[in-house]
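The values are calculated or read from the model by the stated rules, or taken from the named source; none is laboratory data. What you are looking at is a predicted structure, and each value in this text was computed from that prediction instead of being measured. Every residue, glycine among them, receives a Cβ derived from its backbone with ideal geometry; neighbour counts consider all protein chains shown. Protein only, heavy atoms only, side chains kept; ligands, DNA and RNA dropped before computing areas. Shrake-Rupley method; radii C 1.70, N 1.55, O 1.52, S 1.80 Å.
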Amino acid sequence: MILFAGLAILAGVLVSLSRQINGRLALSTSAMESSFWNHIVGLGFITAAALLFGGLFAGEPAQAPWWAYLGGPVGVIFIAAGSWLIAKIGAAQTAMLIIAGQMISGVVLDIVMGAPGNPWARTAGVALILAGMWVSHRGKTR
């Protein structure tokens, strides 16, 4: 479990780092252009890594439902929006709001899909995160 938790934390750090880097590129270009370059460079990287380590054409893409491919457009919107928001409201606020959205949607999906665990505890945890964000933001405006 510690390995999985560590990988999840690393993924979170990489998401934050990616947002920072892309946000900086958006300051020199635009949110759409930084998203474009993010995906072009990412395509080159994943292609090289998959060719080197294998797995590029290992599945059955025709067997996936049509909606399984919506992750690409959703990812483009996420990256462009994050790049735009960092320039408008700052990195910390953007990260907190993105995490809040992830937590809310994660809890909703867990409840809808019947994942094991206490839905009330999860909901309370998200409420505490949102309350902490509100208190943090309220302190900055005074």
Practice problem: Would you work out which of I2, V107, W134 lies farthest towards the positive end of the dipole of the chain, given +1 charges on the beta-carbon of Lys and Arg and -1 on that of Asp and Glu, about the Cα centre? | Solution: W134
Exercise. Sum up the charges of everything whose Cβ sits under 15 Å from the Cβ of W37, counting Lys and Arg as +1 and Asp and Glu as -1, but leave W37 out.
Key: +1
Quiz item: Quick one: if you take sqrt(5λ) for each eigenvalue of the C-alpha gyration tensor of the stretch 1-112, what semi-axes come out, biggest first, whole angstrom?
Solution: 25, 21, 16
Quiz prompt | Accessible carbon and sulfur surface of the chain relative to its total accessible area, %, 1.4 Å | solution = 76 percent
Exercise. Mind ranking 111-119, 42-50, 62-70 by how tightly packed they are, going by the mean number of other C-beta atoms within 10 angstrom, highest first?
Key: 42-50, 111-119, 62-70
Quiz prompt | Relative contact order (%) - the stretch 3-111, alpha-carbon pairs under 8 angstrom, separation at least six | solution = 39 percent
Self-check item: Charged-residue dipole, Cβ positions (Lys, Arg, Asp, Glu), the chain about Cα centre, Debye nearest 20
Solution: 660 debye
Practice problem: Compute the projected area of the convex hull of the Cα atoms of the stretch 81-142, averaged over all viewing directions, and report it in nm² to one decimal place. | Solution: 4.8 nm²
Quiz item: For the chain, what is the accessible area per residue in Å², given a 1.4 Å probe and the full set of protein chains?
Solution: 73 Å²
Quiz item: Can you give the accessible area of S28, probe radius 1.4 Å, in Å² rounded to 10?
Solution: 80 Å²
